[in-house]
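Have a look at the structure below before the remarks.
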Amino acid sequence: MGNFGRQPNFGKFGGRHMTCAGALSADWLRSIGIGARQLPTSNITLCDQFVLIGSGLIWNVYFAVIALSAGFFLAMALALGKDAASPWLRKPCAWFIFIFRGSPLFIQFFFGYFLFINIRGAFPGLGVLTSAGVGATIVLFLNTSAYSGEIFHGALRSIPKGDLEAADAFGLSGWGRFRRIIWPTMLRLGWPAYTNEAIFLFHATTLVFFSGFPAVQQSGDALYYARYFADRTFNPFVPYPILAGYFILLTLVIIGIFGLINRRLNRHLPQEVRPRIRYRPQVIR
Amino acid sequence: MFGFCTDPASLDSTRWMLCYLTTPKHMNLYYAFGTVLLLLAITAPVSLAFGFGGAILARSRIAPLSWLGKGYIAIVRGVPDIAFFLFFVIALDQAFEWVLHQIRCPDWDQPIRQGSDFIVCAAAKLPQNNAPQYVHDTYAFLVAVLTFSIVFGAFAGNVLFGAMRAVPRAQIETAEAYGMTQGQVFRRIIVPQMWVYALPGLSNLWMVLIKATPLLFLLGIRDIVFWARELGATQTPRFTAFPHGDWRMWYFLFLLVFYLAFTRVSEVVLERIMRRLSHGQATAAGEAQRRAAA
């Protein structure tokens, strides 16, 4: 150790942008392949780092938004499936949740990537699966579905007995009972934990470009660029804190959005018994 | 490994597989599992100690110490943990070299950071350039262990801090009524009783630690992920007696199964420990056990 990441100096090409505005306009879409092909190599300024790492966030937000919004529906299905009476439905759901919660996401990414490569070998038309934009999103989608499915399953099991009895007393049954009583209550009870899950999924998106999925033409996510700068400048004390700052900001945004939904889900309750979203870090998956 | 392995091309598939899985290169993969277990065995107690220290600091009545402890615990919030791993592994290495540089080369007059370079005198290089390979490997592993311990120490600190506060107030008041000092209350009442409150959090953390071990690969260690990629890749007859196509998928499937089994076994063991720890405690689980026995 002690010398990894030390790169030769390419003096001539350094400092491509004389101003911050120049760096911003040239590189803010660099992570999706728009902008100068070459990344800054020497005379790297603070601006370069802020802009490029910020640009990488596009990927993180993309992964998180797609995986979470699609995963929400699969999670509902898994939660209900795991609660089903029939073992033919219950067992597969329980196994799905166990497999994705019991193994590291990092390994899931690797396995998924190589599985997609084999699929590409058999069906060349499905080659798009090996790209980060599609393949990694699928893995993240399945992973978050399993974690959220477990959360909502727990919520489903803790619906107050009285609520269900009241529903029966009102003559509600079947779909009506589910839509008006069970589903909203399950959502309401599971929401604080689901907020944490959303935050962790968002953080987990940083693993994508370290797990086989290629960053085509150096179009990577925020951590990819932070590591690029740390390796280039051999100074981790600038890019990682920038990355941390961005992530803290976006984490606050997630808490804000989910907090609004939480308020809406609990709007029928008296003020003092409404559950608050408490951020409880649970880390790495 | 086996006598009949001298000419792999002539073997039937079972024997071929047997020979293939016992090549010296595969032994590296099996040793790498040992590396993972070793990492867990060292990291778990060390990060518990870090966490304990952090929790004690956070409880301190002296404001700066408390800030230090709380700040350390708070690093778990808001930032992706992988970023910590990548950060600490370089930062620690540079910190060690900087300290050695100050000690061994006091009359060095050039700046350490020159543009994009971090330059310390030769005597401060870690490990020394002419050191044998195993020294390099051990150093890299130790830095990785320390990185894991710092990050997980913060998580453990969070759990232990909560657990110390969860010990019922009445227990502490009783101890004070008996005339115990602050230190005695801490040692004799809080620490023995906090574990039952800490265990759910710590078991969760243990699961998380198991699932974080593949990140060793990111820290530049030749771990199971590294060897799975290496061994699974397509092998041509020119370079090996055991040619095969791209088998990386199967290697990672194997790792997946390994981790599933590992987490499942841990779950079962931790449940047992929890049952034992709840025995005789003033909690719902402890009460249930008492009722069942009576």
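The values are calculated or read from the model by the stated rules, or taken from the named source; none is laboratory data. Since the model is a prediction, treat every value here as computed from it, not as a measurement. All Cβ positions, even for glycine, are placed from backbone atoms using ideal geometry, and neighbour counts span all protein chains on display. Just the protein is used for accessible areas: all its heavy atoms, side chains included, with ligands, DNA and RNA removed. Shrake-Rupley method; radii C 1.70, N 1.55, O 1.52, S 1.80 Å.
Normalised by 2.2 N^0.38 Å, where N is the number of residues, the C-alpha radius of gyration of region B:16-293 stands at 1.28.
Only helices reaching 20 angstrom along their own axis (Cα) with mean Kyte-Doolittle hydropathy no lower than 0.5 count here, and for the DSSP H runs of chain A these are A:46-82, A:105-122, A:137-157, A:239-265. Considering only A:Thr19, A:Thr195, A:Thr137, the mean-square fluctuation computed in a Gaussian network model of chain A, springs between alpha carbons under 10 angstrom, is largest for A:Thr19. For chain A, a Gaussian network of Cα nodes joined below 10 Å ranks A:Phe210, A:Phe247, A:Phe123 by mean-square fluctuation, and the top entry is A:Phe123.
Shape call for region B:36-124 from the C-alpha gyration tensor, a ≥ b ≥ c root eigenvalues: rounded (a/c under 1.5), prolate (a/b greater than b/c) or oblate?
Details: a/c = 2.07, a/b = 1.65, b/c = 1.25.
Taking the square roots of the gyration eigenvalues as a ≥ b ≥ c, region B:36-124 is prolate.
Rg over Rh for the protein assembly as shown works out to 0.99, using Cα positions for both radii and the Kirkwood form for Rh. In a DSSP loop and with at most 10 other Cβ atoms within 10 Å, there are no chymotrypsin sites (Phe, Trp or Tyr not before Pro) in region B:70-112. Taking the Cα centre of region B:16-293 as origin and assigning +1 to Lys and Arg Cβ atoms and -1 to Asp and Glu Cβ atoms, the resulting dipole is close to 880 debye. In terms of its Cα atoms, region B:157-208 spans 41, 17, 14 Å along the principal axes, sorted from long to short. Using the 1.4 Å probe convention, the accessible area of chain A works out to 47 Å² per residue with neighbouring protein chains retained. Checking every one of the chymotrypsin sites (Phe, Trp or Tyr not before Pro) in region B:202-294 against DSSP loop status and a limit of 11 other Cβ atoms within 10 Å picks out B:Phe239. Scanning chain B for trypsin sites (Lys or Arg not before Pro) in DSSP loops with at most 10 other Cβ atoms within 10 Å, what's the longest stretch left with none? Counting only loop sites that pass the neighbour cut-off, the longest clear stretch is B:62-237. The residues of region B:16-293 expose on average 50 square angstrom of accessible surface per residue, using a 1.4 Å probe on protein heavy atoms. Counting, for every residue in B:244-256, the Cβ atoms of other protein chains within 10 Å of its Cβ and taking the mean gives 5.
Label positions at B:Val268 and A:Ser25, each projected 7 Å from the Cα along the C-beta direction, are separated by 6.6 nm. Once divided by 2.2 N^0.38 Å, the Cα radius of gyration of chain A becomes 1.20. Say R0 is 22 Å: what FRET efficiency, to the nearest 0.05, do B:Gln128 and B:Asp107 get from their beta-carbon distance? With R0 = 22 Å, the Cβ-Cβ based efficiency is 0.65. Averaging 1/r over every pair of different alpha carbons in region A:113-271 and inverting the result gives a Kirkwood radius of 19.1 Å. Among B:Asp246, B:Asp223, B:Asp12, the residue with the largest mean-square fluctuation in a Gaussian network model of chain B, with springs joining Cα atoms closer than 10 Å, is B:Asp12. In the protein assembly as shown, what percent of the accessible surface is made up of carbon and sulfur (1.4 Å probe, ligands and nucleic acids excluded)? The C+S portion of the solvent-accessible surface of the protein assembly as shown is 64 percent.
Using a simple charge model, +1 on the beta-carbon of Lys and Arg, -1 on the beta-carbon of Asp and Glu, nothing else, what dipole does the protein assembly as shown show about its Cα centre, in debye to the nearest 20?
1380 debye
For the pair B and A, the buried accessible area comes to roughly 4600 Å² in total, with a 1.4 Å probe and the value rounded to the nearest 100. Would you mind checking the tilt of helix B:133-166 against the longest principal axis of the Cα atoms of chain B, expressed as 0 to 90 degrees and rounded to 10? In chain B, helix B:133-166 runs at an angle near 30 degrees to the longest axis.
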